[in-house]
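Read the structure below first, then the notes.
Bear in mind that the values in this text are calculations on the coordinates, not laboratory data. If you're wondering where the values come from, they're calculated on a predicted model, not measured in any experiment. Cβ placement follows ideal geometry from the backbone for every residue including glycine, while neighbour counts extend to all protein chains displayed.
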Amino acid sequence: MRRCDITNLVESTSDPAFAVDSDGLVLAWNASAEALFGIGAAEALDTPCRDLLRGVDECGTVCSEDCTVRQAVEGGRPVGNFDLQVDTPQGPRWCNVSVLAAHDRATGALYSIHIVRQVDLRKR
């Protein structure tokens with residue numbers, strides 16, 4: 001799957017979505033992600049996703065240099081959906097995140113596509 005295909009997938013959903021490369025840098029960021037996180041695509045692209053989301057769960061920091069999603073994708077392991085509290089302009093919000101792994105056979109590049117759904121009321 002080519003990088004342009006990844007971008008097209010991210011842009012094809014009305015849910016907030018973004019794609020990350022194997023270095024943890026954002027390579028696609030859709031309009032719904034812009035609305036949820038209050039960060040435009042121009043600012044998000046090529047930025048570590050951990051710096052944009054600042055995600056935590058009930059046990060502490062999740063989004064870090066040691067990203068478990070990146071490790072799973074690199075190891076060829078599937079990633080189950082998970083809840084994550086992220087920074088938004090309205091303050092911290094709980095979201096459920098699904099991750100799809102993609103592989104560019106031509107270049108060997110690995111990508112993770114994150115699809116985000118707000119679940120703040122359910123978490124409360």
Calculate, in nm to one decimal, what D23 and Q71 gain on full extension: separation in residues at 0.36 nm each, minus their alpha carbon distance.
16.2 nm
Relative to the present Cα-Cα distance, how much length would full extension add between N96 and S12 at 0.36 nm per residue of separation?
28.4 nm
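If R₀ is 41 angstrom, what is the calculated FRET efficiency for the pair D83 and L45, using the beta carbon separation as r and rounding to 0.05?
Details: r = 26 Å, r/R0 = 0.63.
The pair D83/L45 has a calculated efficiency of 0.95.
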Reported label for calculated percent of Cα pairs over 22 Å apart given [x] 27; [y] 53; [z] 43
[x]
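Percent relative contact order of the chain, based on C-alpha pairs within less than 8 angstrom and at least six residues apart?
Details: 238 pairs, mean separation 31.0, N = 124.
Relative contact order, the chain: 25 percent.
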Which residue, F37, V79, C63, has the largest displacement toward the positive end of the dipole of the chain when charges sit on each Cβ (Lys, Arg +1; Asp, Glu -1)?
V79
Taking R0 as 30 Å and r as the Cβ-Cβ distance between T107 and S64, the FRET efficiency 1/(1 + (r/R0)^6), rounded to the nearest 0.05, comes to 0.70
Can you compute the helix-only [θ] at 222 nm over the chain? Use -39500 (n - 2.57) per DSSP H run of at least 4 residues, normalise by all residues, nearest 500 deg cm²/dmol.
-6500 deg cm²/dmol
